[in-house]
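Down below is the structure, laid out as structure tokens.
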Amino acid sequence: MSSIALSLPFAGCGISNSRKNELLKSDTDLSTVKNVFDLEKLSGEVMGKDALNYLNGGADDLRTVRANYDAYGKIQIRARRLIDVTTVSTKIELFGKTLDNPIILSPVGFQAFFHSDGEIGTAKAAEKKDHQMIVSSVSNFAIEDIASESKADLWFQLYPSTDREVTKLLLAKAEAAGCKICFLTVDTPVVGNRETHGTTLLEMIKSGELEMGNFKDILPEGMSFTDPSMTWDMVDWLRANTKMKIVLKGIVTSEDARMAKERGVDGIVVSNHGGRQLESNRATIDCLPEIVNEINGEFPVLIDGGIRRGTDVFKALALGATAVCIGRPFCWGLGALGQPGVELTLEILKAELIRDMQLAGTTSIDKITREFVTTK
Ligand SMILES: Cc1cc2nc3c(=O)[nH]c(=O)nc-3n(C[C@H](O)[C@H](O)[C@H](O)COP(=O)(O)O)c2cc1C
């Protein structure tokens, strides 16, 4: 690589010179990495077809996967001028904690399928770059190992098994690992129809090459980690069985937002599982306004699905989200480069958000209000 080529990849992407040099010392040619899509391309080359198909796959014909992303293209930003944007703060308060920024890592299962660093690499990157991570029930590494190896302050995502004793053990593990928030995923009574997933992952789990770290020794052979009989009563059951705050992940209507409010949850995530569950769900950003309206500031409303740019984060915040979560983008980084790739993903997205805030005339997250966007 020539020195000119070396200086190009980060041109204008907001990463410091010392950080560029650090990354460029690695063996991988990062000269093409300007955004998360470049990491997607790179990850495809490095981790292979099966893992990429699993990661990028979705339900049926991937209409909802595409809709999540496309919907952000239909929202415009109304930028304000002549505002001093020399200093920008991305800090937010969420669930009693101050976060450096509103970009959270969604729970994504089986991350060691993308790179051997797996969830431990992701947690180390999240800790180093000051982002919040949510660990999936179906992580390859066990929650206690992720917590002890990384020292990250983790939140936990719950798939309840049909056997509530198994679920109790899972909750106890998460609490012992220091998790303060439990994200109950409510969009997965059964697994969606994912035709592109292939069988490699399942075979690797069957052969023992990959483990389901949290369920090892507690999930009886043949028992599913999802429960199709789960109802709203699960919120009460959870409250009686965990000290963690309860957040429902997968709400897409104002009716369910109201039910969540009535049950006294601590928050919700507007999510359609990245288009991996019910095909033809609306794009999450299109679901957000009615839900924000229903909740009316009573508790945090997070959103995920299709967020790939700083402008997408900005638009979601403007439409009332308290914070956003990203799934595939950090996994592209992980698949491409391991832990440093997750770091790079987070650096790119935060740098984009800061620049977009400056260009729009906003200096803190609370200033990104509804007036800053318009929808066609
Ligand atoms: C490979 C993969 C695995 C996932 N595993 C889980 C999981 O274990 N639990 C869960 O609640 N959501 C899971 N999700 C959904 C994500 O938490 C999140 O809702 C989604 O990825 C957001 O969309 P995005 O990928 O477009 O950012 C997974 C998503 C992907 C892509």
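Surface composition of region 35-375: carbon plus sulfur atoms contribute 50% of the solvent-accessible area (1.4 Å probe, protein chains only, all chains present).
For the pair A172 and T253, a Förster radius of 35 Å applied to the C-beta separation gives a FRET efficiency near 0.60, rounded to the nearest 0.05. If both residues of a DSSP beta bridge must be in region 35-375, then about 20% of such bridges are antiparallel.
Taking a straight line from the alpha carbon of K168, these aspartates and glutamates sit under 16 Å away, with near neighbours fewer than eight places off in the same chain left out: E144, D217, D227, D233, D236. Heavy-atom accessible surface of region 130-209, averaged per residue, reaches 42 Å², computed with a 1.4 Å probe. Cross-link partners of K367 among lysines, defined as those whose alpha carbon lies under 16 angstrom from its own and excluding same-chain residues fewer than eight positions apart: K91, K315. Place a point 7 Å from Cα of D100 in the direction of its Cβ. Which residues in region 344-376 have their backbone N less than 15 Å from it? Within reach of a label on D100: 344-354. For the pair D233 and T86, how long in nm is the line joining their label points, each one 7 Å along Cα→Cβ? Going from the D233 label point to the T86 one covers 6.2 nm. Positive contributions from Lys and Arg (+1) and negative ones from Asp and Glu (-1), summed over other residues with Cβ under 15 Å from the Cβ of E203, come out at -1.
Sorting the segments 153-164, 238-249 by their mean number of nearby beta carbons within 10 angstrom, highest to lowest, gives 153-164, 238-249. Of the GluC sites (Glu not before Pro) found in region 244-301, the ones in coil according to DSSP and having at most 15 other Cβ atoms within 10 Å of their Cβ are E298. Centre-to-centre separation between the Cα atoms of region 263-283 and those of region 311-376: 19 Å.
The values are calculated or read from the model by the stated rules, or taken from the named source; none is laboratory data. This one's a predicted model, so the numbers in the text were calculated from it and none came from an experiment. We place every Cβ from the backbone using ideal geometry, glycine too, and count neighbours over all the protein chains shown. Only protein heavy atoms, including side chains, enter the accessible area calculation; ligands, DNA and RNA are left aside. Shrake-Rupley method; radii C 1.70, N 1.55, O 1.52, S 1.80 Å.
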